[in-house]
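To keep things clear, I will list the structure first and then write my remarks on it.
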Amino acid sequence: MSFDPFATLRAHWHDGTWVTRRLHNVRLLDVRPAGNGYTRLIVEHTGITRELTSATRWHDAYGQNRQNQMWPVGRHGYLEPLPAWLTAEDDRPEGTELPLQAIVFRAYRDRSLRRVPDLDAFAGPGHEGKSLIGWVCDAQPDGFLAPPGIIPGDDGQFVADEAIPITLRVPPEFVRECHQVRMTPQEVLRSFVGDLAGIEAGAAPRADHYSSNGSDERMLAQAWLDRAHGFNRIDQEELANREAEEAEREEMAYLHDDFVALLNEFERLGGLPEDLIAAVKVMLDKPARGKSQ
């Protein structure tokens, strides 16, 4: 019995969120209109060709251009199945519902990027025991490791996870609002944080998985902060400069105290303080004379 890599594509609910298993290093060969208004993708992986239903609607204008951003024919990327609730009929017109096996194809930003499972490594206690994922690209031909769940960008770039964990209790009214858009409270909060922080992944995807929903969303999130809490606003750059200046003054005070202690020790051992001061002046004169020449 031969192994079918496409059989690994599935999504399941776990610990309050949808978990999907992706299939990497898939090449998009062609796109065709499906009978229900969606798109059929012809893809290839390890020599196996398959025709699958995409969650993307068919548009004739895009369909005629086989190398556009929506359907980058000829590119490599990964397939990801949709969660089951996204494929339900809901209020779609009859005959336009998605099948349970609907998938999306996402091309790698770096055209040379490929997934290399043989490079996978266990990260150890410092990374909460998570595995690191192996990749290779033209800029890093010997391979490299990245956190799970992200797709490296140009030249294999990504931003390391520096997120700070917090614990927040939320009221049931907020939970109901989240459920109205079929999201968990965690998903809604993460989405808002990405907009308020103005995070744009760009060429270097983030290991913390934060991302903005768009320019309008970023503008509205900032407007909310200004409206609700703008009266408390401070100039963080000015504050950082003041803190840096204070740290420099403290460092100079430490150096002054160290020099006084050194001078006292020199005098205790029988030396003359003026001799030590004269020696320091000679050392200061050397770089000054060098610059003048």
Q: Return the pairs, sorted by first residue and then second, in which the second residue is in a strand (DSSP E or B) and open to solvent by 50 Å² or more (accessible area, probe 1.4 Å), the first residue lies in segment 200-223 and is over 28 Å from ALA146 (Cα atoms) and at pLDDT below 90, the beta carbons are less than 6 Å apart, and the residues are 6+ apart or on different chains.
A: none
**Q.** Filtered residue count, segment 110-130, keeping only those that are at pLDDT 90 or above, farther than 16 Å from ILE150 by Cβ, part of a loop (DSSP other than H, G, I, E, B) and of a type outside the set (S, T, N, Q)
**A.** 1
Q. Does at least one position in segment 149-156 carry a residue that is within 20 Å of the chain's Cα centre (by Cα) and free of Cβ contacts under 8 Å to residues at least 24 places away in the same chain?
A. no
Q: Scan (1) open to solvent by 40 Å² or more (accessible area, probe 1.4 Å); (2) within 29 Å of ASP110 (Cβ to Cβ); (3) at pLDDT 95 or above for the single condition ASP195 breaks and write down its number.
A: (1)
Q: Find the residue count for segment 19-50, including only residues that are under 14 Å from ARG106 (Cα atoms) and either assigned to a loop (DSSP other than H, G, I, E, B) or touching a Cys at 6+ places or on another chain (Cβ under 6 Å) (or both).
A: 1
**Q.** Every pair of residues 6+ apart whose Cβ atoms lie under 9 Å, when the first sits in segment 185-198 and is hydroxyl-bearing (Ser, Thr, Tyr) while the second is surrounded by fewer than 16 Cβ atoms within 10 Å (Cβ to Cβ) and not in a helix (DSSP H, G or I)
**A.** SER191/MET183; SER191/ASN213
Q | Members of segment 151-188 that are open to solvent by 100 Å² or more (accessible area, probe 1.4 Å) and farther than 25 Å from ILE133 by Cβ | A | ILE166, THR167, LEU168, ARG169, GLU173, ARG176, GLU177, HIS179, GLN180, ARG182
Q. Taking the condition open to solvent by less than 60 Å² (accessible area, probe 1.4 Å) and under 13 Å from the mean Cα position of the chain (by Cα), does ILE133 pass?
A. no
Q | Positions within segment 16-29 being at pLDDT 90 or above and at negative phi, in sequence order | A | LEU23, HIS24, VAL26, ARG27, LEU28, LEU29
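Residues checked against (1) closer than 30 Å to LEU189 by Cα; (2) aromatic (Phe, Trp, Tyr); (3) open to solvent by less than 90 Å² (accessible area, probe 1.4 Å):
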position	(1), (2), (3)
ARG218	yes, no, yes
GLN222	yes, no, yes
ASP226	yes, no, yes
LEU239	yes, no, yes
GLU245	no, no, no
GLU248	no, no, no
LEU269	no, no, no
ALA279	no, no, yes
ASP285	no, no, yes
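The values are calculated or read from the model by the stated rules, or taken from the named source; none is laboratory data. Computed from a predicted structure; not experimentally measured. Positions of Cβ are generated from backbone atoms using ideal geometry, with glycine treated the same way; all protein chains shown enter the neighbour counts. What goes into the accessible areas is simple: the full protein's heavy atoms, side chains included, and nothing from ligands, DNA or RNA. Shrake-Rupley method; radii C 1.70, N 1.55, O 1.52, S 1.80 Å.
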